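Below you'll find the structure, written out as structure tokens, and then a few comments.
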Amino acid sequence: PLTARFTSCCMKKARTECAPTGGVLYMEDSEARRKSEALLKSLRAGTSHHASFVKRLREELKQEVGLTLKDVNSSEEELEELRILGCKTTAQIHLNHLRLGSILYESHLKKLISETRKGKISLDLIGTSVEELEELRILGCAKSARKWLRILRDCSKCKTDQRILFRQKLHGELRAGKLLPEDIGTTNAELDFLVHRPQR
């Protein structure tokens, strides 16, 4: 219908301007375009939020009729590259946590491996190896065991059944890391004393 064509034409003129080559350029101050370019900037820098950022980018492009990845100087190929970069960035974040000796080592290891698989990237690419990851897992076991040791030492008012539970958790970490009590600065004799000492 004539009315529909007229409305469409007016909307197009209101949103665009002619390029010197005779093509069409989107307005520089388009909100959808600005947000899309900001999201791309974050993605290109490497972010652990890459999946949600790509989703938001696609939503922003839909906000303006006809706005495409090409209009914001990107492409599907680049988005795939940025997805892989995001996987690499996220894996390195978890690796840094492990290197600091995290008691959440199991979670960080699981997420690190998951990201390398999603991005189809090698451990070499994030600067680590199977051997280092095993060392970091043991480091996490030791740190977690020391946490339970501190709790036991400070738990003079706890009931015996609570202390027994804490020692079980400590021993669980020692077994997981193939560690001895001496590796975390204690002995079996001290652990027995901490469990059975009189409640204050």
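Structural remarks
- Counting only aspartates and glutamates at least 8 places from LYS110 when in the same chain, those with an alpha carbon closer than 13 Å to its own are GLU134.
- With both labels modelled 7 Å from their Cα along Cα-to-Cβ, the ASP154 to ASP192 distance reads 2.7 nm.
- Residue-by-residue Karplus 3J(HN,Hα) for segment 193-200, coefficients 6.51, -1.76, 1.60, Hz, glycine and proline x: 5, 4, 6, 9, 5, x, 6, 8
- When a 1.4 Å probe is rolled over the protein heavy atoms, the share of accessible surface on the chain that falls to carbon and sulfur comes to 56 percent.
- Solvent-free Debye scattering, log10 I(q)/I(0), computed from the Cα coordinates of segment 84-187 at q = 0.10, 0.14, 0.16 Å⁻¹: -0.35, -0.59, -0.70
- Taking segment 103-143 and a reference point 7 angstrom along Cα→Cβ of LYS178, the backbone N atoms nearer than 20 Å belong to 105-106, 109-110, 129-143.
- Bridgeable aspartates and glutamates around LYS88 (alpha carbons under 18 Å apart, same-chain partners fewer than 8 residues away excluded): GLU77, GLU78, GLU80, GLU115, ASP124, GLU132.
- Annotation: the chain has a Kirkwood hydrodynamic radius of 21.5 angstrom, from the mean reciprocal C-alpha pair distance.
- Each 5 Å bin from zero holds the following percent of Cα-Cα pairs in segment 71-117: 5, 23, 23, 16, 11, 8, 7, 5, 2, 0.
- Here's the picture: charge each Lys and Arg Cβ at +1 and each Asp and Glu Cβ at -1 in the chain, and of PHE193, GLY101, VAL130 the one pushed furthest to the positive end of that dipole is PHE193.
- Cα centre as origin, Lys/Arg/Asp/Glu Cβ charges: the chain dipole, Debye: 920
- Computed from backbone phi, the HN-Hα couplings of segment 139-144 come to 4, x, 4, 5, 5, 5 Hz, rounded to whole numbers (Karplus: 6.51 cos²θ - 1.76 cosθ + 1.60, θ = phi - 60°; Gly and Pro given as x).
- Alpha-carbon centroids, segment 136-180 and segment 64-108: separation in whole Å: 35
- Computed over protein heavy atoms with a 1.4 Å probe, the accessible surface of segment 41-107 works out to 59 Å² per residue.
- With the helix formula -39500 (n - 2.57) applied to DSSP H stretches of n ≥ 4, the chain reaches a computed 222 nm mean residue ellipticity of -22000 deg cm²/dmol.
The values are calculated or read from the model by the stated rules, or taken from the named source; none is laboratory data. All values derive from a computational prediction rather than experimental measurement. Here the Cβ is made from the backbone with ideal geometry for all residues, glycine too, and neighbour counts use every protein chain on show. With ligands, DNA and RNA removed, areas are computed over all heavy atoms of the protein, side chains included. Shrake-Rupley method; radii C 1.70, N 1.55, O 1.52, S 1.80 Å.
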